[in-house]
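Only one structure is covered here, and it is reproduced in the block below.
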Amino acid sequence: MLDLIEKLLTLQDRDQRLRALQTELANLPQERAAKEKLIADSAARLEKAKTRAKEIEVEKRNLETEAQAKRDSIARYRQQQLQTRKNEEYSALAHEIEAAEKVISSIEDRELELMDEAERLKPEISAAEKTHSEEKTKIELVIKSLDEKKGNLESRIGEVKKERDAATAGIDEDVLDRYQRLFKTKNGNPVVALEHEVCMGCHMKVTTQTVVQVKAHTDVIHCPQCGRMLYIPA
């Protein structure tokens, strides 16, 4: 095999590893954000249940205040009934008392509904608190491992970059430039094998002349179809 091709294959290996590591590193923030969102969503579900419980208590207090106001009104109307001698006024007060009693009845029905809802919320809140605590602990461990992974990837990338720099030694600048352009445009596979007269990059058959040139090991030969650099495996 041409010595230059061997160097390019070594360089290609380092570049592929480097690209894979950099891609993995670039994806970490998204992974971390997804895990943090799980914690936030769990906290939001818990907060929603707690907020509803508070709303119920506030509404219950308001209803109690409203009911007491109606009871006070009824007491006042009855006192006025005792004092009046006019039938029309007495009937009007009776109508007011009846209307107030209906409001109180409606309030009491609503209070019962709220009490039932509050009772249903208690185990829901308890379960949500437990789930949130467990999920938060578990996910925080995952986030910690992602942070550790980030440090490891950065360290490995630094190492591979050094290996990559060393692999470029002895490669002509023109060849290196062609290689780098092909690496970008050929999905990280600028140097590929030629097997049974077929380019393993584009899977197209090459000419007999191209095969002869590759076998000669005198220069870097490119696939006529895709432009990749060719070599015949030992």
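From 46, 21, 38, 11, grab the single residue that is more than 30 Å from residue 219 (Cβ to Cβ), at pLDDT 95 or above, in contact with a helix residue (DSSP H, G or I) (Cβ under 9 Å, 6 or more places away or on another chain) and of a type in the set (A, V, I, L, M, F, W, C).
After ruling out the rest, the residue left standing is 21.
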* Structure fact -> Of those in segment 4-32 that are without any contact (Cβ under 8 Å) to a residue 60 or more places away in the chain and closer than 15 Å to residue 145 by Cβ, the residue nearest to the chain's Cα centre (by Cα) is 29
* To do: State all residues of segment 10-30 that are of a type in the set (A, V, I, L, M) and surrounded by 17 or more Cβ atoms within 10 Å (Cβ to Cβ); if no residue qualifies, say none.
  => 11, 18, 21
* Structure fact -> Output for Cβ contacts, cut-off 9 Å, separation at least six or different chains, first residue without any contact (Cβ under 8 Å) to a residue 24 or more places away in the chain and open to solvent by 30 Å² or more (accessible area, probe 1.4 Å) in segment 223-234, second outside any loop (DSSP other than H, G, I, E, B) and of a type in the set (Ser, Thr, Tyr), reads 224/210
* **Subset of segment 31-74 [open to solvent by less than 60 Å² (accessible area, probe 1.4 Å), of a type in the set (A, V, I, L, M) and under 30 Å from residue 96 (Cα atoms)]** => 56, 63, 67, 69, 74
* To do: Look through 138, 162 and report the one residue that is more than 22 Å from residue 25 (Cβ to Cβ), within 37 Å of the chain's Cα centre (by Cα) and open to solvent by 90 Å² or more (accessible area, probe 1.4 Å).
  => 138
* How many residues, within segment 190-202, are under 16 Å from residue 232 (Cβ atoms) and either in contact (Cβ under 8 Å) with a residue 24 or more places away in the chain or not aliphatic (A, V, I, L, M) (or both)? -> 9
* When segment 137-176 is examined, which residues are found to be under 30 Å from residue 3 (Cβ atoms) and polar (S, T, N, Q)? -> 168
* Among the residues of segment 186-200, which ones are under 19 Å from residue 20 (Cα atoms) and surrounded by 13 or more Cβ atoms within 10 Å (Cβ to Cβ)? -> 186, 188, 189, 190, 191, 192
* Restricting attention to segment 171-183, does a residue exist that is surrounded by fewer than 12 Cβ atoms within 10 Å (Cβ to Cβ), polar (S, T, N, Q) and within 18 Å of residue 19 (Cα to Cα)? -> no
* **Selection status of residue 182, out of contact with any helix residue (DSSP H, G or I) (no Cβ under 7 Å at 6 or more places or on another chain), part of a helix (DSSP H, G or I) and among the hydrophobic types (A, V, I, L, M, F, W, C)** => yes
* Within segment 33-47, identify whether any single residue is among the acidic types (Asp, Glu) and either in contact with a Cys (Cβ under 7 Å, 6 or more places away or on another chain) or over 30 Å from residue 125 (Cβ atoms) (or both), and answer yes or no. => no
* Structure fact -> Of the residues in segment 94-134, those that are farther than 29 Å from residue 61 by Cβ and either of a type in the set (Asp, Glu) or open to solvent by less than 50 Å² (accessible area, probe 1.4 Å) (or both) come to 94, 134
* Asked: If we scan segment 78-85, do we find a residue that is open to solvent by 70 Å² or more (accessible area, probe 1.4 Å), among the charged types (D, E, K, R) and either in contact with a Lys or Arg (Cβ under 6 Å, 6 or more places away or on another chain) or part of a helix (DSSP H, G or I) (or both)?
  -> yes
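The values are calculated or read from the model by the stated rules, or taken from the named source; none is laboratory data. Bear in mind that the values here come from a model prediction, so they are computed numbers and not experimental data. Using ideal geometry, Cβ is built from the backbone for each residue, glycine included, and neighbour counts are taken over all protein chains shown. With ligands, DNA and RNA removed, areas are computed over all heavy atoms of the protein, side chains included. Shrake-Rupley method; radii C 1.70, N 1.55, O 1.52, S 1.80 Å.
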